[in-house]
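Report on one structure; see the data block that follows.
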Amino acid sequence: MMAMEGVEAKKTLTGPVLLRMLIGALLGAGIGYGFMTMAEHMHVSIKSMTWADLGALWLGITFLGIGIAIYAISFNRREVAKNLEGMQAKLPATDEEIRFYRLQAVTLILAGVMLLLPVLAMGSLASTTGAPALIFAAIAVLFVVQTAANVQLWRTSDEFLQRQMLLTAAVTFAIGQGLLFLWAAAEHLHLARAITSWDTIVVLMAIYMLTGAYLGIRARRCD
């Protein structure tokens, strides 16, 4: 659904880095507050949300925050060069690297929007004639656009980033398949409740995000 492997994950906690972390936290808080305000106006009740809805809410806001932050950083060529090539980078990022960086931001922002739209549809829109179908159509269009962006991201990535993407997908599949098998077995034996496809995709997206973050940090520590 998205790619996150191009951004440097390990930095020394210097003053500027701590400042960026603070700005990122404030940005995430602002996005979260804005979304919750919008949800309240659309009569979306937090009490009516399942654990998967809350997970999608957290993931969506996280993806949006990271995507917007990455896009904002893309206007600083030296910062982009350091994020893509390491702190030892001397030259500013090229136009191609800037496009690559912004493409990553687009995939993350779209992922966040696609996760948040179904949650927003739980309120007054759910009872509006034709609204669910229109929301699904919008999600389908965004999915096609994001898929095209991911394909372009893959085509413009170097071999290292392509390996990271493949490894992230493989680890996510292995962990997700194992967890889903165990849950399905417990469900069949009446030891666990049935889960929906929405529950499943939220779990997989969470695994993907955490796996991508871990592998990114691990790769930077090996540099």
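Treating r as the C-beta distance of Ala186 and Met49 and R0 as 25 Å, the FRET efficiency rounds to 0.60. Put a dot 7 Å past the Cα of Glu96, heading toward its Cβ, do the same for Leu210, and the two dots end up 3.7 nm apart. Approximating the spin labels as points 7 Å out from Cα along Cα→Cβ, the Thr128-to-Arg218 distance works out to 4.5 nm. Applying the Karplus relation 6.51 cos²θ - 1.76 cosθ + 1.60 with θ = phi - 60° to the range 61-68 yields 3J(HN,Hα) values of 5, 5, 4, 4, x, 5, x, 5 Hz, where x marks Gly and Pro.
Fully extending the segment from Glu40 to Arg193 would add 52.1 nm, taking 0.36 nm per residue of separation and subtracting the current Cα-Cα distance.
Ranked by Cβ crowding within 10 angstrom, fewest neighbours first, how are Thr200, Thr168 ordered? Please list the in-between numbers first.
Numbers: Thr200 15, Thr168 22.
In order of increasing Cβ crowding within 10 Å: Thr200, Thr168.
Rounded to whole numbers, the Karplus 3J(HN,Hα) couplings from phi for the range 169-184 are 5, 5, 5, 4, 4, 5, 5, x, 4, x, 5, 5, 5, 4, 5, 4 Hz, using 6.51 cos²θ - 1.76 cosθ + 1.60 with θ = phi - 60°, and x at Gly and Pro.
Backbone phi angles across the range 138-146, fed through the Karplus curve with coefficients 6.51, -1.76 and 1.60 (θ = phi - 60°), yield HN-Hα couplings of 5, 4, 4, 5, 4, 5, 5, 4, 5 Hz in residue order; Gly and Pro are listed as x. On the beta carbon distance between Leu166 and Val145, with R0 = 22 Å, the FRET formula returns roughly 0.45.
Computed from the coordinates by the stated procedures, all read-outs in this text should not be read as laboratory data. None of the values given here were measured: they were computed from a predicted structure. Here the Cβ is made from the backbone with ideal geometry for all residues, glycine too, and neighbour counts use every protein chain on show.
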